[in-house]
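Remarks on the structure that follows.
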Amino acid sequence: MKTDTIFYQLFQSFPSIFFELIQLPINEANNYRFDSVEVKQLSFRLDGVFLPQNNHPRFHHKTGVGTGIKLSPHPTYLPTI
């Protein structure tokens, strides 16, 4: 699977944009780092994930060629988007 470099570069350079899109305070970006992650299970790769710096809720970002952005908020932490 080809990595969506435009989203990776965008969120890597400007992580606050993600939090603005999901209508959370942009200073929340300071509690996360954005990275590419691969899980070995016959190679399952996440193009980009915001990983919490401390004990903060997790937000999953998934992109795919031609599919756009998919957000999967944990219902305890985020209102329905």
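The values are calculated or read from the model by the stated rules, or taken from the named source; none is laboratory data. As the structure is a prediction and not an experimental result, all values here were calculated from the model. Backbone-built Cβ (ideal geometry, glycine too); neighbour counts: all protein chains shown.
Every residue, every condition in (1) modelled with pLDDT of 80 or more; (2) in contact with a strand residue (DSSP E or B) (Cβ under 7 Å, 6 or more places away or on another chain), yes or no:
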site	(1), (2)
Ile17	yes, no
Gln23	yes, no
Asn27	yes, no
Asn30	yes, no
Gln41	no, no
Phe50	no, yes
Asn54	no, no
His60	no, yes
Gly66	no, no
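Any idea how many residues of the stretch 17-37 are surrounded by 14 or more Cβ atoms within 10 Å (Cβ to Cβ) and within 14 Å of Asn54 (Cα to Cα)?
5
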